[in-house]
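Chemist: Can you keep this structure in mind? I'll have questions shortly.
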Amino acid sequence: MSFGTPHRHYTRTDSTNARARELAAVGAPHGTVVTAAEQTEGRGRQGRTWTAPAGKALLYSALVRPLDPRHMLLPLAVPLAVCEAAEELESGVECGVKWPNDVQVGGRKLAGVLIEARPQDGWAVIGVGLNLAIAPDEFPPRLRETAVSLAAAKADLATAALNRHLASWLDADQEEVLAGWRQRDALRGRQVSWDGGSGVADGVDDRGYLLVIAPGGERISVGAGEVHLTRS
């Protein structure tokens with residue numbers, strides 16, 4: 001079966017990731033995809049919410065199994081697939097990636113990724129929220145200066161594009177993923193701060209951790225689970 005089969009679509013659900021986790025627990029195969037026109041409890045990293053008007057975003061979750069060493073860089077590979085899918089859907093769009101999980105256009109967030117892995121059970125669920133046809137005034141006021149949408153992409157075409165690009169990037173080797181990320185890195189060279197310090201972003205290491213040059217010149221690595229990153 002090709003990646004994206006089987007595919008379950010909901011008019012409305014709490015979370016596509018929740019539905020995909022349920023399918024994983026009962027043995028659904030690699031490449032199973034869940035989409036929805038509307039989510040009531042969409043989530044991002046660190047407990048944030050993901051909101052979008054009904055029918056105006058790709059709300060997508062996919063199952064990866066079994067996990068193997070290629071998937072150590074899943075958090076980097078998935079945003080690269082999202083970038084390529086978005087650029088396929090709309091001519092002239094150029095995407096960058098902001099560590100650890102945002103896809104940006106012109107410094108504004110176009111998409112977010114949430115990966116929930118169960119290594120002990122050998123699977124992971126990839127969650128993607130991609131803005132497709134949201135007018136600027138349809139974003140919540142707090143997001144109007146920081147979010148962006150594709151102009152008028154359709155969810156079925158977006159699903160098909162993401163299926164194709166995910167299938168490719170999930171098979172990519174470590175060096176290809178790291179090279180792809182470094183080419184699109186939107187954070188490198190920018191001042192960042194987090195719970196434990198601050199410095200200048202300097203790319204990612206071979207594990208996918210953020211590299212930061214501290215004020216004293218020390219180069220340190222921080223993991224996504226360790227920090228609540230803010231951009232200064």
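The values are calculated or read from the model by the stated rules, or taken from the named source; none is laboratory data. No experiment lies behind these values; they were computed from the predicted model shown. No Cβ is skipped: glycine too gets one built from the backbone with ideal geometry, and neighbour counts run over all protein chains shown.
Chemist: Looking only at segment 55-69, decide whether some residue is farther than 30 Å from Gln120 by Cβ, touching a residue at least 40 places away in the same chain (Cβ under 8 Å) and under 14 Å from the mean Cα position of the chain (by Cα). Can you show your working first?
Modeler: The initial filter retains those residues of segment 55-69 that are farther than 30 Å from Gln120 by Cβ, namely 55-57.
Next, only the ones that are touching a residue at least 40 places away in the same chain (Cβ under 8 Å) stay: 55-57.
After this cut, where a residue has to be under 14 Å from the mean Cα position of the chain (by Cα) as well, the list is 57.
Yes, segment 55-69 has at least one match.
Chemist: Here's another thing I want to ask about it. Take segment 118-135 and flag every residue that is among the β-branched types (Val, Ile, Thr) and over 14 Å from Arg21 (Cβ atoms). Don't jump to the end; show me each part of the working.
Modeler: We begin by selecting, within segment 118-135, every residue among the β-branched types (Val, Ile, Thr); these are 125-126, 128, 134.
Answer for segment 118-135, where residues must be among the β-branched types (Val, Ile, Thr) and over 14 Å from Arg21 (Cβ atoms): Val128, Ile134.
Chemist: I'd like the residue in segment 173-192 that is farther than 17 Å from Glu88 by Cβ and small (Gly, Ala, Ser) and, out of all such residues, is nearest to the chain's Cα centre (by Cα).
Modeler: So the residue we want is Ala186.
Chemist: Then there's this: Within segment 169-194, how many residues are surrounded by 15 or more Cβ atoms within 10 Å (Cβ to Cβ), in a helix (DSSP H, G or I), touching a residue at least 12 places away in the same chain (Cβ under 8 Å) and of a type outside the set (Val, Ile, Thr)?
Modeler: Result for segment 169-194: 6.
Chemist: Let me ask you something else. Does any residue of segment 58-68 turn out to be outside any helix (DSSP H, G or I), modelled with pLDDT under 85 and crowded, with 19+ Cβ neighbours inside 10 Å? Even if it seems obvious, please write down each step before you answer.
Modeler: Here is the first cut: in segment 58-68, the residues outside any helix (DSSP H, G or I) are 58-68.
Still in the running and modelled with pLDDT under 85: none.
Looking through segment 58-68, none of the residues is outside any helix (DSSP H, G or I), modelled with pLDDT under 85 and crowded, with 19+ Cβ neighbours inside 10 Å.
Chemist: How many of the residues making up segment 195-232 are at pLDDT 85 or above, surrounded by fewer than 18 Cβ atoms within 10 Å (Cβ to Cβ) and β-branched (Val, Ile, Thr)?
Modeler: Residues that pass the stated criteria total 3.
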